[in-house]
1. Out of all the residues in segment 36-91, which are touching a Gly at 6+ places or on another chain (Cβ under 7 Å) and either charged (D, E, K, R) or at pLDDT 90 or above (or both)?
2. Out of everything in segment 1-57 that is in a strand (DSSP E or B) and of a type in the set (Asp, Glu), what residue ends up being surrounded by the fewest Cβ atoms within 10 Å (Cβ to Cβ)?
3. What pairs come up if the first residue lies in segment 21-43 and is touching a residue at least 24 places away in the same chain (Cβ under 8 Å), the second is in a helix (DSSP H, G or I) and among the charged types (D, E, K, R), and their beta carbons are under 8 Å apart, counting only those six or more places apart or on different chains?
Amino acid sequence: MKITAATILLVKDDKKGRGQIAGALDMAGFKVLEADDQVSAQTVLASELPDLVIIDMGMPEFQGQALMHAIAEEKKWQALSLLFIADKTMAERAGFSRFGSDAALSREQLGDQAFLEEICLQATRATTLSSGDEAE
């Protein structure tokens with residue numbers, strides 16, 4: 001039986017931060033697609049549907065919010081699992097659950113290592129649920 005790695009689209013404008021998260025996800029066994037803004041993310045989504053989309057809600061010009069709304073409006077994207085990265089204030093007040101997200105993670109609240117570990121944990125949960133696998 002061949003096990004295929006779950007695919008994650010990581011949308012974050014900060015190249016260094018994106019690289020850190022992508023590296024952690026790669027080491028955890030995920031296939032990672034990267035986009036640095038809303039437009040490049042939508043281009044990726046037009047050609048490949050990942051198991052999970054991780055969106056940085058702090059990107060300039062509200063690109064994270066715009067992408068979140070674009071995903072909610074596009075029928076073929078509505079079933080995508082979403083995970084949001086938000087600053088502390090946004091994470092505390094955001095109602096992201098109505099857009100299909102189980103979590104809004106904050107590096108400021110968790111610290112660097114715990115933040116990366118939590119992203120990997122949330123990615124594992126989301127991709128396990130989206131593939132229909134059940135824990136044995």
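The values are calculated or read from the model by the stated rules, or taken from the named source; none is laboratory data. Since the model is a prediction, treat every value here as computed from it, not as a measurement. Positions of Cβ are backbone-derived with ideal geometry, glycine not excepted, and every protein chain shown enters the neighbour counts.
1. Listed by number, the residues that qualify are ILE55, ASP56, ASP87.
2. Filtering first and then ranking leaves GLU34.
3. Qualifying pairs under 8 Å: ALA24/GLU117; VAL32/ASP26; GLU34/ARG18; ASP36/LYS15; ASP36/ARG18.
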